[in-house]
Every structure is written in C-alpha cells, then in structure tokens.
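The values are calculated or read from the model by the stated rules, or taken from the named source; none is laboratory data. The shown structure was predicted, so the numbers you read here are calculated from the model rather than taken from an experiment. Note that we place each Cβ from the backbone using ideal geometry, even for glycine, and neighbour counts take in every protein chain shown. What goes into the accessible areas is simple: the full protein's heavy atoms, side chains included, and nothing from ligands, DNA or RNA. Shrake-Rupley method; radii C 1.70, N 1.55, O 1.52, S 1.80 Å.
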Amino acid sequence: MKEEIFLKGVNGKNGTYGKGHSKENLNGYKIIGDNHIATSTETPLRKDAFRLSDEAKMRIIEEKFRDIMETLGLDLTDDSLQGSPRRVSKMFVKEIFYGLNPANRPEISVFENKFKYGEMLVEKNISLNSFCEHHFLPIIGRAHVAYFSSGQVIGLSKINRIVDYFARRPQVQERLTVQIAKELKLVLNTDDVAVVIDSKHLCVACRGIKDEMSSTVTAEYSGKFRDKSIREEFLKYLDL
Ligand SMILES: [Zn+2]
C-alpha cells in the first residue's frame, strides 16, 4: 500500500512526490535526516530517497528503461536485448550507484598512531569510477589522498573504500572531491587533509566536443595543506 502511494507520486503530473502528501503518508518510512538535504557539498537527494527497497527500485527502473529502449525503436523480443532492462536496473541500484545509500557507507575503524609517525601520509593512484550526473556517463580516473595523523590512523584500504563510496553516485567531480575530504576529516579527526582527483569524463570524450585527451583535475586542501610548502611536498609525491 505504501509503495502504491509512492508510485502514484512518482508517476504524477509534476513528478515531485512529497509535495501534495501529508506527513501521515510518510509514517512507517525511514526518513533521512536533515543532514542529507542538498547543500552545495551534499548530493541532492529527495527526502523519500530510501523509502523503496532496492528490489522495488529495480522493478521500476527496469520498466522505465524498457520504455526508453522501445522509444528508441529497439525490438525487445530480440534475444540479445531481452535482458537489458533488468541488467541496467540492477547495475544502477547495486553496482554503480550504491553510494547514494547511507546504509552502504563504509564502516571505518580507527587505530591509535602507535608509531608516532608524524609526517604526511600519501595514498596515491586510487582507482576512481564514477558517473557524471549531467549525462550519466563514466568518470574514470585516480584519486590521491594525504593526511597528517592527529593521533589516529585508518587502514589504507579504508581510504579506497571511502573514495569508492562517494564515487558510486551520479556526481560532479568538484563535489566528489569535497565529499571525500570531508569524510576523511571526520573519520581521522583532523583538518590536515588533501584530496586531488585527476579523471577523464566520457561525456567530454564520447559526445559534445569529443575530446579524448583532456582530463580534469580538482583539489581540496585544508589545515596544514593550505601551507604552500606542505602542498608542494604532497604534489611532488604525486609527480603530477
Ligand atoms: Zn557530463
């Protein structure tokens, strides 16, 4: 029943579910907190973003994608195309956009910095696979991260997980860079964090201007990394 209400909203005239609905309709649904309402650094999400189960979302996306394919003129009875709507729906929800759901946020455990290592720690060339939110085409590149420990350290692979989680959403590279830095600052309990992303946008390479050679570099420096010499040391390690 609740799902029905939601679907009506989605299919409604203006597609803005939530506007005409009283709060009672929202009872029983998990409502995400105020901190998930869109700001310049947060992914713009609807308040009802996680009201549906993954399975229910996949069913809707499958149906809509079938419509898109048919509108393009494709014959969905063809063996090769038959399974595509389902495949695409699964890919969207489970494979490439799972980072939209806070339930998939990586659990990070921090350790005491026993070695008293006080220099900069750099993890470079972290694989990054994201999707441009304007064209839904891949952004492929590398992230480079550095921090100074404030007494806490995290496992190196956790940095990869944080990068991956924020990348697996429709994104703009600037926001992605800031989101990763913000999360690292929170987890590591320090402001001394740097994030650089160097990536290729397939929407630039495959369509529009069709430039296959260009890449986009974004950076977020805070705390000690605002200091020119510290920043230069970091960039020297990257050899960019
Ligand atoms: Zn794009």
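Hey, could you check region 38-57 for residues that are small (G, A, S) and more than 17 Å from the chain's Cα centre (by Cα) and say which is farthest from A181 (Cα to Cα)? Restricting to residues being small (G, A, S) and more than 17 Å from the chain's Cα centre (by Cα), the top hit is A56. Remark: pairs (first residue in region 194-222, under 16 Å from F166 (Cα atoms) and touching a residue at least 60 places away in the same chain (Cβ under 8 Å); second residue away from the ligand (no atom under 14 Å from the Cβ) and of a type in the set (F, W, Y); Cβ separation under 8 Å; 6+ apart in sequence or on different chains) are absent. Counting only strands (runs of 3 or more DSSP E) wholly contained in region 81-166, the ones carrying 2 or more residues that are within 29 Å of A49 (Cα to Cα) occupy 121-132, 138-147. Checking each residue in region 190-217 for being β-branched (V, I, T) and surrounded by fewer than 18 Cβ atoms within 10 Å (Cβ to Cβ) picks out I209, T216, V217. The residues of region 195-216 that are more than 11 Å from the ligand (Cβ to nearest atom), within 18 Å of the chain's Cα centre (by Cα) and not β-branched (V, I, T), listed by number, are D198, S199, K200. Looking across region 112-139 at every residue that is of a type in the set (G, A, S) and away from the ligand (no atom under 16 Å from the Cβ), the one that is most open to solvent (accessible area, probe 1.4 Å) is identified as S127.
Looking only at region 89-108, decide whether some residue is in contact (Cβ under 8 Å) with a residue 24 or more places away in the chain and over 22 Å from the mean Cα position of the chain (by Cα). So far as region 89-108 goes, no, none of its residues is in contact (Cβ under 8 Å) with a residue 24 or more places away in the chain and over 22 Å from the mean Cα position of the chain (by Cα). Just one of the listed residues (Q152, Q171) is of a type outside the set (A, V, I, L, M, F, W, C) and surrounded by fewer than 19 Cβ atoms within 10 Å (Cβ to Cβ), namely Q152.
Any idea how many residues of region 155-168 are open to solvent by 40 Å² or more (accessible area, probe 1.4 Å) and without any contact (Cβ under 8 Å) to a residue 60 or more places away in the chain? Counting residues in region 155-168 that are open to solvent by 40 Å² or more (accessible area, probe 1.4 Å) and without any contact (Cβ under 8 Å) to a residue 60 or more places away in the chain gives 5.
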